[in-house]
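Let me begin by presenting the structure, written as structure tokens, before commenting on it.
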Amino acid sequence: MGKSDFQWKVEGPQRISFVEKSSMKLTLFQKTQEISTHVETVTNENLEIQKFVFSMKTSEATIEVSGERIGSNLRLKVTQAGSTQTKELPIQEPLLLSPTIRPFLLMKGLPKSKETYSGFLLEPSALTTIPLTMSVELASPKKYAVDVRYLSQSLKSEMEPSGALIKEVSDLAGMPIEASPVSAAEYKQLVLTAPKEDLVEVARVGFPPISNSKDLRSFSVKISGVDLKPFELNRNRQKLDRDILTVKVESLPSQTLPVQALIGQKQYEPYLQGDSSIAVFDPLIQKKAKEIVGNESDLWKRAKLIFDFVNTKVEKVPTVSVPNALEVLKTMKGDCNEHSVLYTALARAAGVPTRMVVGLVYGERMAKGSGFYYHAWVEVFTGKDWIAIDPTWNQIPADATHLAFVEGGLEQQVQVTSLMGKIQLSPH
């Protein structure tokens, strides 16, 4: 399914470089997708990251993220869709990238029995850091067992006292992946093949069939198997009572306000701002938003005009990428992530407060039966209330099986991965 190459060398008294390249093929929506990543990291002798360059390429998109230590921050530059955005990320030590985890453990000194360390994993594609723990245990005179945990995920490996990898076992949305070293000659001969298992189906949360799910105005479900504390399950249309989540569909607004009514209302300003993936103030986004809404000033009518544009004009194509509104505006294709990120950028550019949400939604899309699939949609402010709408599935408002777990951009959405392969849903 994939292969990875790792190299490191000491380049000076205070400079160590690490390079990791990987390629893999996945099956998504019954379509083969290839993903290649490349990360180059430079650290000092204490393995503190000084700078890095990360790139990810798929058949649909390319993203490059570079970072440089400036004082107590990492200055990030994100280049995607021909545009470069910058961001300052506070450094929390020890800050690690995937290539520096085993060297970090070696630097700490391998234990005679067992030791556990804490740190922060830099996730370049999400532009954030994630707390992690690293447990190292002497399993035999010539073997150490390593268990790295973050976001409820576990990466287990075995390594020699020298740090050389013996084998590694990880989990991808509930699909176990095992890796073992090969010679340089064998590596060159490796041919990538996509697994038969569709990752979308592997990640699906099984659930009994629901009749007329798109028409439901209220829906309750019991959640188990995961810690719910990190998630925002109590929100405008949702209520969590212990482990029972109830969703009630909002009524469409009977009266709304003009966009000018929001002037001076600072509580909505965060929902009108942009970031590296939602380029609200880019001239192309601004121009398209004005073109869509024209002279319409009503918030809700603006929201619906943009909804119609995104739903009808963006081709619904399974996509592996880091969603970016500018990229989607140029390609006009993608799945729920692309629909949601473009909608958010255009709506905010038009003065409509909008927030992205990610979670699970009921569907019967594929051959293995019914269940809940990971999905993204948006919520818009009408001047009085927030209403969930789904520009991918053409739903205003979104049906009651839309279970929102996380609100926000890439930094927040990465939390959803902790649900994969673990969450269980049952009727209530």
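Numerical summary
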{"read-out": "Among Leu299, Met356, Ser118 - extreme Cα towards positive end, dipole of the chain, charges at beta-carbon", "value": "Leu299"}
{"read-out": "GNM result for the chain, Cα springs below 10 Å: residue of Asp390, Asp241, Asp335 fluctuating most strongly", "value": "Asp241"}
{"read-out": "Burial ranking of peptide ranges 404-412, 94-102, 157-165 (average Cβ count within 10 Å, highest at the top)", "value": "94-102, 404-412, 157-165"}
{"read-out": "Theoretical ellipticity at 222 nm over the chain - DSSP helices of four or more residues, -39500 (n - 2.57) apiece, nearest 500", "value": "-4500 deg cm²/dmol"}
{"read-out": "Top of Ser59, Ser140, Ser340 by mean-square fluctuation, Gaussian network on the chain, Cα under 10 Å", "value": "Ser140"}
{"read-out": "From phi via Karplus (6.51, -1.76, 1.60), per-residue ³J(HN,Hα) for the stretch 371-386 in Hz, x at Gly/Pro", "value": "x, 9, 10, 5, 7, 10, 8, 9, 10, 10, 9, 8, x, 10, 10, 8"}
{"read-out": "Spatial separation of Cα centroids for the stretch 337-402 and the stretch 89-104, in angstrom", "value": "34"}
{"read-out": "Percent of Cα-Cα distances greater than 21 Å, calculated over the stretch 17-171", "value": "51"}
{"read-out": "Karplus 3J(HN,Hα) series, Hz, for the stretch 247-259 with 6.51 cos²θ - 1.76 cosθ + 1.60 (x for Gly, Pro)", "value": "10, 10, 5, 6, 7, 5, x, 7, 8, 10, 10, x, 4"}
{"read-out": "Surface per residue (accessible, 1.4 Å probe) for the chain, Å²", "value": "48"}
{"read-out": "nm² value of the averaged projected area, convex hull over the Cα atoms of the stretch 232-379", "value": "10.6"}
{"read-out": "Reachable aspartates and glutamates from Lys142, criterion Cα separation under 12 angstrom, eight or more residues apart if same chain", "value": "Glu158, Glu160"}
{"read-out": "Candidates Lys77, Lys287, Lys57, ranked by Gaussian network fluctuation over the chain, Cα under 10 Å, top entry", "value": "Lys287"}
{"read-out": "Carbon/sulfur fraction of accessible area - the chain, other protein chains in place, 1.4 Å, %", "value": "50"}
{"read-out": "Listed residues Leu138, Leu240 arranged by accessible area, highest first, probe 1.4 Å", "value": "Leu138, Leu240"}
{"read-out": "Restraint check, Lys3/Lys222; Lys248/Lys304; Lys301/Lys330; Lys21/Lys77; Lys9/Lys143; Lys239/Lys301, Cα-Cα greater than 31 Å", "value": "Lys3/Lys222"}
{"read-out": "Packing rank of 372-383, 221-232, where each peptide gets the mean count of other beta carbons within 10 Å, highest leading", "value": "372-383, 221-232"}
{"read-out": "Convex hull per residue volume in Å³, alpha carbons only, for the chain", "value": "157"}
{"read-out": "Sequence-distant residues sharing a close amide H with Ile49 (under 5 Å, placed H)", "value": "Leu95"}
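The values are calculated or read from the model by the stated rules, or taken from the named source; none is laboratory data. Not measured: the values here are computed from a predicted model. Quick reminder, even Gly has a Cβ in these numbers, built from the backbone with ideal geometry, and neighbours come from all protein chains shown. Areas reflect the complete protein model, heavy atoms only, side chains present, ligands, DNA and RNA absent. Shrake-Rupley method; radii C 1.70, N 1.55, O 1.52, S 1.80 Å.
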